[in-house]
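Visitor: First the structure, which I've put down as structure tokens, then a few questions once you've had a look.
Since every read-out is calculated from the coordinates, none of them should be taken as a lab result. Bear in mind that the values here come from a model prediction, so they are computed numbers and not experimental data. Backbone-built Cβ (ideal geometry, glycine too); neighbour counts: all protein chains shown.
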Amino acid sequence: MAKQTLYERLGLPRDASLEEIRHAYRQLVLRLHPDTNLNPGETELFIDIQHAYEYLADPEKKEDYDQTLPADQDVETPISHKFYYSQPSLVRMDEPQVIYALLELRMHPDTSLLISSTPLNISLVVDCSTSMQGTRLDTVKLTAIDLVRQLRPQDVFSLVKFNDWAELLIPPGSRSDIKSTEMKIQLLQAGGGTEIFKGLEMGFSQVSQSLARDRVNHIILITDGRTYGDELSCEKLADQSSAMGIGISALGIGNQWNDKFLDRITSKTGGMCRYVSDISQMRNSLLSEITRLGSCLTEPINYSYQIPSNVELRSTFRLQPDPSPLVFGSPLIFGNMPRFGSMKILVEFLIKDIPAKTASFTLAKGFMNYEIPRHAVQTHYVQRLIFERPITRAVIKEEPSIEILNAVKLFSLYHLQDRASEAMGKGDVNAATRHMEILATHLVNKGEQDFAESVMEEIAYMKRNQTFSEDGEKRIKYGTRALLLPAKTAERKS
Amino acid sequence: MIVCPKCGNKEIPGTLFCSECGTQFATASRDPTLTIPSNLADQLREPYPEGEDHEIPPTPEDANLSLFLVDTGDVIPLEGLPEYTIGRSAEDQPLLPDIDLAPYNGYEFGVSRLHASIKISPPNALLTDFGSANGTELNGQKISPNQPYPITHGDIFTLGKMKIQLLVNRSGS
């Protein structure tokens, strides 16, 4: 591998501002400080980073250093990006305004073909609490055995079971004896509570043990229940995972699990949360999650950014390939980039006021960091991404492109369901019902007859019982999310 | 502030869809789903048979588009929205059509609860049937569900058995 520049060492583009240098350094310190870090070899990394920072944070030293670097070549990046905006310009006005941006990322086809399917480093974390007893756990066992049989020699797999505590059933890498592995899975038994943190923590330590940049490092949590009191620890663990490039996905079985909590944990790491309404879908959900991970680049793509004080992010949502809300904050974790196809991120900005005497306005300035595993030229890339728009006095009458209009339309349908949940949470059943009614009307309008029927059934239930039915809220939430899937979109076009 | 023409909800300028009722504030410049073979479109544009002559009432001054209910003589102006859903409200159902034909005996005429939509897409309007129970005819020809058909001034479409004529106020546009 070519010698890293000091910029690359900090994961920064060559034109990084002082502010960006400081920010990147702080992030790395949090992750690598010897006091908080136990992984061997990372103390040296920490010293390297310190050294890089000392140079780049000092304007004089930085200038001297910049002179020694070869001229920045305009290399074609392996991932191309394209912006679509809801308006051609921002307009000078005395009140706040909103603008939507759709970011489309696509891998260069030549690069896609160069990378073969990615090896996995997966820990399956299985809830074995009392409620899993019977068909649920039996199905999970069978699926896990199927999964073990499908693994390739280059994959690393571990299995953690948890209830009130966690137990390492299959340690990572030891796949020499498939028969005994299968036997161990067969013997899993249900009983006890649901301490999700204990399970996640053990899964995390398995994945981080075998952490490798040319593998997809990922935790898959399977649960049917709620965890109590350890939610904050789980969130912290998710942040830590994310900083190390470890993703977390979750499969929630039935109606009792906490979708808001698991959505949050998984989005923090760029993973996704799937709703397994019926245990018969377990196999399909788990195996498609594995397929998804195997067809992605190794590390989730992240975007480090800064926004001016007069701008606010109102929403960030990944529309493709796996629809999921994204958790605010820099870096924003976009998630796993598919080798083929595109990734689409929808961002909604609120601009509170526009500074005088400027012709153009920066909504967010930052850069993406990503890894192209086993790529001949270079493996790590830092790519500038700036969201900006010109400023005009009057509104430019130009209708938004179909791409952004469709994206925002589907997102606003998803949002209606959010508003219904919110209203119900406040005890306003009427408002909740009204939002569901509007959703149903729009669904019929879109030709989604079956789903509309299902929403209407839910509305009837809400009117009778003044609350959501047991599975109604999740069914509609993940149902509207599924509308955003590329397959669905393509189907509708034809 | 922008005010939703449908529900009166206030939104920040730049918003594309009303967060309260999902109404679209801007229309797309082109419709990607419009795939009507030209010969079929020509057939559709054939004038309505002369035999069934009736008097076309004047369009209301303030509306660019309106619907004339041939059987009852009522005129419903279409104002403020880029798209209208047409149907019939009922006690026990949650769907909310923009144009409710229940007061005009929609049930007896065989209008579905959410029957069709009219989308304003200059220079014409687009009529889409939602897979309704009794179907939709345009100038005497049955149209396929979930596919937009262009309609212009004077065209007559039939929801179930209810005849409706589209009126365009030329002076307005």
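Visitor: Scaled to the compact-protein estimate 2.2 N^0.38 Å, what is the alpha-carbon radius of gyration of the protein assembly as shown, rounded to two decimal places?
Guide: That ratio works out to 1.09.
Visitor: Working only with C-alpha atoms, what are the Rg and Dmax values of region A:271-337, expressed in angstrom?
Guide: Rg and Dmax of region A:271-337, Cα atoms, are 15.0, 49 Å.
Visitor: Report the extension gain between A:Ser309 and A:Gln50 in nm, rounded to one decimal, defined as 0.36 nm multiplied by the number of residues separating them, less their alpha carbon distance.
Guide: Net length gain for the segment: 90.3 nm.
Visitor: Taking the alpha carbon gyration tensor of region A:89-226, what are the square roots of 5 times its eigenvalues, largest first, to the nearest whole Å?
Guide: Numbers: eigenvalues 276, 116, 35 Å².
The answer is 37, 24, 13 Å, longest axis first.
Visitor: Let me ask something else. Rounded to two decimals, what is Rg over Rh for region B:62-173 when you use alpha-carbon atoms and the Kirkwood radius?
Guide: On the Cα set of region B:62-173, Rg over Rh gives 0.93.
Visitor: Give the Kirkwood hydrodynamic radius (Å, one decimal) of region A:402-493, defined as one over the mean of 1/r across all pairs of different Cα atoms.
Guide: One decimal place: 13.3 Å for the Kirkwood radius.
Visitor: Across 5 Å bins from the origin, how do the percents of Cα pairs in region B:66-108 run, short distances first?
Guide: 6, 20, 30, 24, 14, 6
Visitor: Taking a cut-off of 16 Å between Cα atoms, list the aspartates and glutamates near A:Lys179, but don't count ones fewer than 8 places away on the same chain.
Guide: Once the sequence-local aspartates and glutamates are set aside, what remains near A:Lys179 is A:Asp146.
Visitor: Which lysines does A:Lys62 reach when only Cα atoms under 23 Å apart count, and residues fewer than 8 places away in its own chain are ignored?
Guide: A:Lys3, A:Lys365
Visitor: Related question: Greater than 25 Å separation of Cα atoms is the criterion. Which listed pairs, A:Lys161/A:Lys268; B:Lys10/B:Lys163; A:Lys352/B:Lys119; A:Lys268/A:Lys477; A:Lys446/A:Lys477; A:Lys260/A:Lys344, meet it?
Guide: B:Lys10/B:Lys163; A:Lys352/B:Lys119
Visitor: Using just the C-alpha positions of region A:439-479 as equal point scatterers, what log10 of I(q)/I(0) does the Debye formula give at each q in 0.14 1/Å?
Guide: -0.28
Visitor: Let me ask something else. Express in % the proportion of alpha carbon pairs of region A:176-229 at distances exceeding 14 Å.
Guide: Roughly 68 percent, once rounded to a whole number.
Visitor: Follow-up. Over the Cα atoms of region A:233-351, what Rg and Dmax result, in angstrom?
Guide: Values for region A:233-351 (Cα only, Rg and Dmax): 14.8, 49 Å.
Visitor: Another question, if that's okay. With +1 on each Lys and Arg Cβ and -1 on each Asp and Glu Cβ, and nothing else charged, work out how big the dipole of chain A is about its Cα centre, in Debye to the nearest 20. Each step should come with its number before you reach the end.
Guide: Working: 56 positive and 64 negative charges, 184 e Å.
Computed charge dipole of chain A: roughly 880 debye.
Visitor: Among A:Ser280, A:Ser267, A:Ser315, which comes first, second and so on when ranked by fewest other beta-carbon atoms within 10 Å? If you can, show how the numbers build up before the last one.
Guide: Values: A:Ser280 10, A:Ser267 25, A:Ser315 16.
Sorted ascending by nearby Cβ count, the order is A:Ser280, A:Ser315, A:Ser267.
Visitor: Given Cα positions, please report Rg to Rh for region A:111-190, the hydrodynamic radius being the Kirkwood one.
Guide: A ratio of 1.05.
Visitor: Sticking with this structure for a sec: With loop defined by DSSP as not H, G, I, E or B, and exposure as at most 16 other Cβ atoms within 10 Å, which is the longest segment of chain A clear of exposed GluC sites (Glu not before Pro)?
Guide: It runs A:77-397.
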